1. Just the number please: accessible area per residue for the chain, 1.4 Å probe, all protein chains included, in Å².
2. Give the residue list of trypsin sites (Lys or Arg not before Pro) in the chain that are DSSP loop and have at most 14 other beta-carbon atoms within 10 angstrom.
3. How long is the gain from ARG39 to VAL19 if the chain were fully straight, where each residue apart is worth 0.36 nm and the alpha carbon distance is subtracted?
4. Add +1 for every Lys or Arg and -1 for every Asp or Glu among the other residues with Cβ under 12 Å from the Cβ of ILE50, and state the total.
5. Find how much the distance from ALA47 to ASN32 grows on full extension, using 0.36 nm per residue of separation minus their present alpha carbon separation; answer in nm with one decimal.
6. Is any residue of the stretch 31-73 close enough, with backbone N under 13 Å, to a label point placed 7 angstrom from the Cα of VAL6 along the Cα-Cβ axis, and if so, which?
7. Given a 1.4 Å probe and every protein chain left where it sits, what share in percent of the accessible area of the chain is carbon and sulfur?
8. Roughly how compact is the stretch 1-46, stated as its Cα Rg over 2.2 N^0.38 Å to two decimals?
Amino acid sequence: KRFEFVPADIELKAGEDVVVVVSSLDFVHGMNIPDLKQRYDLVPGRATRIPLSPRQPGVIEFVCDNFCGDGHEEMHGRFVVRA
């Protein structure tokens, strides 16, 4: 929803392929994952499937890249990849 990803931290396990399913409640938000060179439009009412294959522990940041209002700059999250 506007100004936040819920949950903001998503835990993944290194070496496990996953598909993260994301949706928007209110606006066409953008989900940009710079480290993976991936970008998605999150359209209200539509599930967006994001395949991920984290191979090593660490943190992968993501941000909203469609301006959604005054709190847009704070709309970010991360995939926390555990060993």
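1. Details: 5120 Å² over 83 residues.
Accessible surface, normalised per residue, equals 62 Å².
2. Values: sites: LYS1, ARG2, LYS13, LYS37, ARG39, ARG46, ARG49, ARG55, ARG78, ARG82; in loops: LYS1, ARG2, LYS37, ARG46, ARG55.
Counting only loop positions with at most 14 other Cβ atoms within 10 Å, the trypsin sites (Lys or Arg not before Pro) in the chain are LYS1, LYS37, ARG46, ARG55.
3. Numbers: separation 20, 0.36 × 20 = 7.20 nm, distance 1.45 nm.
Net length gain for the segment: 5.7 nm.
4. Working: positive: ARG39, ARG49; negative: ASP17, ASP41.
Neighbourhood net charge equals 0.
5. Values: separation 15, 0.36 × 15 = 5.40 nm, distance 1.60 nm.
Net length gain for the segment: 3.8 nm.
6. Flagged as within label range: none.
7. On the way: 2610 of 5120 Å².
Carbon and sulfur: 51 percent of the exposed surface of the chain.
8. Working: Rg = 11.7 Å, N = 46, 2.2 N^0.38 = 9.4 Å.
Taking N as the residue count of the stretch 1-46, the ratio is 1.24.
The values are calculated or read from the model by the stated rules, or taken from the named source; none is laboratory data. Computed from a prediction, not measured in an experiment: that's the story for all the values here. In this analysis, Cβ positions are derived from the backbone assuming ideal geometry, glycine residues included, and neighbour counts consider all displayed protein chains. The area values use the complete protein model at the heavy-atom level, side chains included, leaving out ligands, DNA and RNA. Shrake-Rupley method; radii C 1.70, N 1.55, O 1.52, S 1.80 Å.
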